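Quick one: the structure is below, questions incoming.
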Amino acid sequence: MARYLFDNAAVQTAGRFSVLESRYDTASRRALERTGLGPGWRCLEVGGGGGSLGDWLGEQVGPEGAVTVTDIEPARAASRPRAANVRLLRHDITRDPLPGDGFDLVHARLVLLHLPERLRVLELLVGALRPGGWLVLEEFDCGWTPVLAAPDDSAVLLFERVHGSLMTLLEKAGAEPLWGRHVVRAMLRAGLTEVTATTYAEAWPGGGTGIGLHRANTEQVTAGLAELGVTTAEVDAFLALLADPRFVVNSYPLISALGRRPEEGSSR
Ligand SMILES: C[S@@+](CC[C@H](N)C(=O)[O-])C[C@H]1O[C@@H](n2cnc3c(N)ncnc32)[C@H](O)[C@@H]1O
């Protein structure tokens, strides 16, 4: 059965959430602001992970608004203080009844990419919106991570081999590593209107914060990589490369896509 590859119970999760928050929250906030988000809104944050964006949404909607943050494993988000208008739920978006409806805004970052049922979940999320409400889906395109600088050609090949094997593990777990490039089309097909998207990417030098995402992901799945024939020596060399400032790789591009549920009675 497909399962979420990067289970939050693992020790590497703190490192993953810290990179996602520090490298991508600014872009995510900008995308969310484009919906007109403001006081009094009711928001659903699906697969909220470390909880930083759920807390930020709580600040934007103020005491008159409310934010529901869900996750199949919410322990990380639960470990940080939460405002009274932010509710945290253990919830599986593929199985459990939706935790409400008529939301002004539903947001999920890097969640549907992992779910084999992503198109069905997309329909569910659209159904959770009030007419005119906004869905914001943010997803990586893991197929565009060019190496921008490297000490030598063998370093490029090593990165591509180990990273490629990680992508294979994701696919085996039911993920779609290229989902980011398909999300706009899927949102249009789901009947959303005013669909737009922006993409954020940056350079990640060895030893920096962002590249720590590759470290956390790789260290968490070394057993699976070994089953694919990646040797311990290759993993060790890969991790050393991630610490080498002569090595620079493009970050995963984050596609932030927005769309609106049509108003009732509209022709779409
Ligand atoms: C890559 S992390 C992203 C976390 C957060 N959204 C962020 O961008 O920082 C994916 C999150 O989705 C959660 N998740 C995976 N499958 C889920 C499901 N079926 N229902 C709800 N959450 C799920 C995971 O536990 C994890 O916290």
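The values are calculated or read from the model by the stated rules, or taken from the named source; none is laboratory data. Just so it is clear, the model here is predicted, and its values are computed rather than measured. With ideal geometry, Cβ positions are generated from the backbone for all residues, glycine too; neighbour counts draw on all protein chains shown. Areas reflect the complete protein model, heavy atoms only, side chains present, ligands, DNA and RNA absent. Shrake-Rupley method; radii C 1.70, N 1.55, O 1.52, S 1.80 Å.
Just checking, which of Leu110, Leu89 is at pLDDT 95 or above, within 11 Å of the ligand (Cβ to nearest atom) and on the phi > 0 side of the Ramachandran plot?
Values: Leu89 fails: on the phi > 0 side of the Ramachandran plot.
None of the others qualify; the one that does is Leu110.
Quick one: is Leu241 surrounded by 13 or more Cβ atoms within 10 Å (Cβ to Cβ), in contact (Cβ under 8 Å) with a residue 12 or more places away in the chain and outside any strand (DSSP E or B)?
Numbers: surrounded by 13 or more Cβ atoms within 10 Å (Cβ to Cβ): yes; in contact (Cβ under 8 Å) with a residue 12 or more places away in the chain: yes; outside any strand (DSSP E or B): yes.
The answer is yes for Leu241.
Of everything in region 94-107 that's among the charged types (D, E, K, R) and near the ligand (Cβ under 10 Å from one of its atoms), which residue is most open to solvent (accessible area, probe 1.4 Å)?
In the first step, residues of region 94-107 are kept if they are among the charged types (D, E, K, R); the result is 95-96, 101, 104.
Subsequent filtering for residues that are near the ligand (Cβ under 10 Å from one of its atoms) retains 95-96.
Working: Arg95: 163, Asp96: 63 Å².
That would be Arg95.
A further question follows. Restricting to region 167-200, and then to whatever is touching a strand residue (DSSP E or B) at 6+ places or on another chain (Cβ under 6 Å) and of a type outside the set (Val, Ile, Thr), can you tell me which residue is most open to solvent (accessible area, probe 1.4 Å)? Working first, answer last.
First, the residues of region 167-200 that are touching a strand residue (DSSP E or B) at 6+ places or on another chain (Cβ under 6 Å): 179-180, 183-184, 187-188, 192-200.
When the remaining residues are screened for being of a type outside the set (Val, Ile, Thr), the result is 179-180, 187-188, 192, 194, 197, 200.
Working: Trp179: 12, Gly180: 3, Met187: 0, Leu188: 84, Leu192: 0, Glu194: 108, Ala197: 51, Tyr200: 69 Å².
That would be Glu194.
Taking the residues in region 201-233 that are outside any loop (DSSP other than H, G, I, E, B) and more than 13 Å from Leu166 (Cα to Cα) as candidates, determine which candidate is most open to solvent (accessible area, probe 1.4 Å).
Among those that are outside any loop (DSSP other than H, G, I, E, B) and more than 13 Å from Leu166 (Cα to Cα), it is Thr232.
Looking at (1) within 23 Å of Ile211 (Cβ to Cβ); (2) assigned to a helix (DSSP H, G or I); (3) within 11 Å of the ligand (Cβ to nearest atom), find the lone condition where Gly54 falls short.
Gly54 satisfies all of (1) within 23 Å of Ile211 (Cβ to Cβ); (2) assigned to a helix (DSSP H, G or I); (3) within 11 Å of the ligand (Cβ to nearest atom) except (1).
Report the residue count in region 253-268 for those that are in a loop (DSSP other than H, G, I, E, B), closer than 15 Å to Ala190 by Cα and at pLDDT 95 or above.
The total comes to 2.
Okay, residues lined up against (1) buried (at least 16 other Cβ atoms within 10 Å of the Cβ); (2) over 18 Å from the mean Cα position of the chain (by Cα); (3) within 13 Å of the ligand (Cβ to nearest atom); (4) not in a helix (DSSP H, G or I):
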| position | (1), (2), (3), (4) |
| --- | --- |
| Leu37 | yes, yes, no, yes |
| Cys43 | yes, no, no, yes |
| Gly58 | yes, yes, no, no |
| Thr70 | yes, no, yes, yes |
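Let me ask something else about it. Report whether or not Arg87 is surrounded by 14 or more Cβ atoms within 10 Å (Cβ to Cβ) and touching a helix residue (DSSP H, G or I) at 6+ places or on another chain (Cβ under 8 Å). Quick ask: steps written out before the conclusion?
On the way: surrounded by 14 or more Cβ atoms within 10 Å (Cβ to Cβ): yes; touching a helix residue (DSSP H, G or I) at 6+ places or on another chain (Cβ under 8 Å): no.
Considered against the rule, which asks whether it is surrounded by 14 or more Cβ atoms within 10 Å (Cβ to Cβ) and touching a helix residue (DSSP H, G or I) at 6+ places or on another chain (Cβ under 8 Å), Arg87 comes out as no.
Please go through region 15-35 and pick out each residue that is open to solvent by less than 50 Å² (accessible area, probe 1.4 Å) and in contact (Cβ under 8 Å) with a residue 40 or more places away in the chain.
Start the filter on region 15-35 by keeping residues that are open to solvent by less than 50 Å² (accessible area, probe 1.4 Å), which leaves 15-17, 19-20, 24-25, 27-28, 31-32, 35.
Answer for region 15-35, where residues must be open to solvent by less than 50 Å² (accessible area, probe 1.4 Å) and in contact (Cβ under 8 Å) with a residue 40 or more places away in the chain: Gly15, Arg16, Phe17, Val19, Leu20, Tyr24, Ala27, Ser28, Ala31, Leu32, Thr35.
Let me confirm something: among Ala75, Ala66, Ala27, which residue is within 13 Å of the ligand (Cβ to nearest atom) and over 22 Å from Gln12 (Cα atoms)? Please lay out each step first, then the result.
Details: Ala75 fails: over 22 Å from Gln12 (Cα atoms); Ala66 fails: within 13 Å of the ligand (Cβ to nearest atom).
Among Ala75, Ala66, Ala27, only Ala27 is within 13 Å of the ligand (Cβ to nearest atom) and over 22 Å from Gln12 (Cα atoms).
If I ask for residues that are open to solvent by 50 Å² or more (accessible area, probe 1.4 Å), closer than 15 Å to Glu234 by Cβ and over 22 Å from the mean Cα position of the chain (by Cα), which ones from region 147-166 would you list?
Ser154, Leu157, Arg161
Of (1) open to solvent by 20 Å² or more (accessible area, probe 1.4 Å); (2) within 15 Å of the ligand (Cβ to nearest atom), Gly127 satisfies all except one. Which?
Evaluating Gly127 over (1) open to solvent by 20 Å² or more (accessible area, probe 1.4 Å); (2) within 15 Å of the ligand (Cβ to nearest atom) leaves (2) as the failure.
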